[in-house]
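The values are calculated or read from the model by the stated rules, or taken from the named source; none is laboratory data. Model, not experiment: these values are computed from the prediction. All Cβ positions, glycine included, derive from the backbone under ideal geometry; neighbour counts span all protein chains shown. The area values use the complete protein model at the heavy-atom level, side chains included, leaving out ligands, DNA and RNA. Shrake-Rupley method; radii C 1.70, N 1.55, O 1.52, S 1.80 Å.
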Amino acid sequence: MVNATVKELQRKNDAAWEALGRVLGGMEAHLEQADAPGEWTARQVLCHLLFEPGSKPVTLLERFATGDPPLVEIAPGAVTVTLERRRMRLADLVAAIDAQRREVFGYLETLGEADLAGRARIPVFAPLLGTDEVPLPVFVGAMFDRHWVGHARQLAKIRRAAGLPEAKYTTPTPGETR
């Protein structure tokens, strides 16, 4: 049986995933567009949502520990657009993001309550949480819900700049439930 915490994380990620899907509808021809000069393009936003090339999100999640939490350095605002990613179509980028999210939630479904108590020291979270020790569910919620919702809003701005109609689904505000 899947843990209630994991079910709630999955529910929130499903809503964020739906928001991304709605906002991305019709954006294939606009992957290289930004909403303003100096801002990320749609491709860069999608590449940012992917983990670094060659890295696996589950490998990161497996590092969370109940004992001595490992140090995890995250560079906020980093984006890697490799030649391979530059060649990817919208459907390819979406499929890659979906594969990562499925892998993450497949892994989380195998964890028990004790495993979900694992923590990692993530300095970038300290200003937000008042500590750099981040529990696994908080990290997953931040990365696969709030982070995705924020970037869905950014993609909605790019949609508008491209002259596309508003997406039929509006992204939830942080903390909003559906």
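Straight-line reach from Lys157: which aspartates and glutamates have a Cα under 20 Å away, not including same-chain ones fewer than 8 places off? Hits, sequence-local ones excluded: Glu18, Glu28, Glu32, Asp35, Glu39, Asp145, Glu166.
Computed with a 1.4 Å probe over protein heavy atoms only, the accessible surface of the chain comes to 52 Å² per residue. Rounded to the nearest 0.05, what FRET efficiency do Leu83 and Ala161 have when you use their Cβ-Cβ distance and R0 = 25 Å? So the FRET efficiency works out to roughly 0.45. For the chain, a Kirkwood radius taken over Cα pairs fed into Stokes-Einstein (10 °C, viscosity 1.306 mPa s) yields D = 93 µm²/s. For the chain, the longest principal axis of the Cα atoms and the long axis of helix 4-24 meet at an angle of about 10 degrees. The accessible surface of the chain, taken with every protein chain in place and a 1.4 Å probe, is 54 percent carbon and sulfur. Distance from the Cα centre of region 5-82 to that of region 129-165, in angstrom? Each part's Cα centre sits 8 Å from the other's. Computed from point charges on the beta carbon alone (+1 for Lys and Arg, -1 for Asp and Glu), the dipole magnitude for the chain about its Cα centre is near 560 Debye. Relative contact order for the chain: 37 percent, from Cα pairs under 8 Å spaced at least 6 residues apart, divided by residue count.
Relative to the longest principal axis of the Cα atoms of the chain, the long axis of helix 147-161 makes an angle of roughly 0 degrees. Using a cutoff of 8 angstrom between alpha carbon atoms and counting only pairs six or more residues apart, the relative contact order for region 46-111 works out to 55 percent. Helix-only arithmetic for the chain: the sum of -39500 (n - 2.57) across DSSP H runs with n ≥ 4, divided by the residue total, places the mean residue ellipticity at 222 nm at -14500 deg cm²/dmol. The angle between the Cα long axis of helix 90-108 and the main principal axis of the chain comes to about 10°, on a 0 to 90 degree scale. About its Cα centre, the dipole of region 34-84 is roughly 100 debye, where the only charges are +1 on Lys and Arg Cβ and -1 on Asp and Glu Cβ.
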